[in-house]
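Following: one structure in structure tokens, then a few remarks.
The values are calculated or read from the model by the stated rules, or taken from the named source; none is laboratory data. Computed from a predicted model, the values in this text were never measured in an experiment. No Cβ is skipped: glycine too gets one built from the backbone with ideal geometry, and neighbour counts run over all protein chains shown.
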Amino acid sequence: MGTWIIWLIVAAVLGVAEVLTATLAFGLVAAGALVGALVGAVGGDPALQFGAFAITSAAGLGLVRPFAMRHIRQPPLLRTGTAALVGRSAYVLDEVTAQSGRVRIGGEEWSARPYDETLTIPKGSTALVYPRE
């Protein structure tokens with residue numbers, strides 16, 4: 001049995017481990033094993049196969065993984081729920097005070113309170129939505 005088949009088996013096992021753990025580490029090492037299998041399939045000796053595997057795996061773990069993890073951890077660009085309302089203008093339906101108030105934002109009615117509790121926003125005016133702290 002050629003050594004390239006062993007590399008394929010190793011790549012398959014590492015690929016399954018990546019699917020089960022989703023760490024993005026096993027998958028990159030599996031790619032290195034595939035490169036080792038490719039080198040073995042074209043006739044490279046075992047030392048060359050292992051060298052190709054080691055270099056590819058190290059490059060994947062050292063260069064690709066940090067970039068991919070940074071990309072994965074970015075917050076989504078799409079804001080949903082009440083966070084999507086921040087920065088939009090609101091039409092005041094009922095006077096907004098520290099105790100009560102109703103506004104219309106994008107065709108929907110919402111309860112509202114002024115950012116500064118001493119303010120009173122009169123009915124019929126337009127206000128800007130701020131995040132609650």
Filtered residues of segment 43-97 (kept if assigned by TED's automatic domain parsing to the domain that holds A25, among the aromatic types (F, W, Y) and more than 17 Å from F26 (Cβ to Cβ))
F50, F67
If I go through segment 55-81 residue by residue, how many of them are among the hydroxyl-bearing types (S, T, Y) and either touching a strand residue (DSSP E or B) at 6+ places or on another chain (Cβ under 6 Å) or surrounded by fewer than 12 Cβ atoms within 10 Å (Cβ to Cβ) (or both)?
1
Taking segment 23-48 and keeping residues farther than 12 Å from G60 by Cβ and buried (at least 18 other Cβ atoms within 10 Å of the Cβ) leaves G36, A37, V39, G40
Filter pass, D94 being under 30 Å from G15 (Cβ atoms), charged (D, E, K, R) and more than 34 Å from the chain's Cα centre (by Cα)
no
E18 passes all but one of the listed conditions (1) in contact (Cβ under 8 Å) with a residue 12 or more places away in the chain; (2) assigned to a loop (DSSP other than H, G, I, E, B); (3) not basic (K, R); the exception is number (2)
With the condition kept exactly as written, say whether any residue in segment 4-22 is in contact with a helix residue (DSSP H, G or I) (Cβ under 8 Å, 6 or more places away or on another chain), surrounded by fewer than 20 Cβ atoms within 10 Å (Cβ to Cβ) and polar (S, T, N, Q).
no
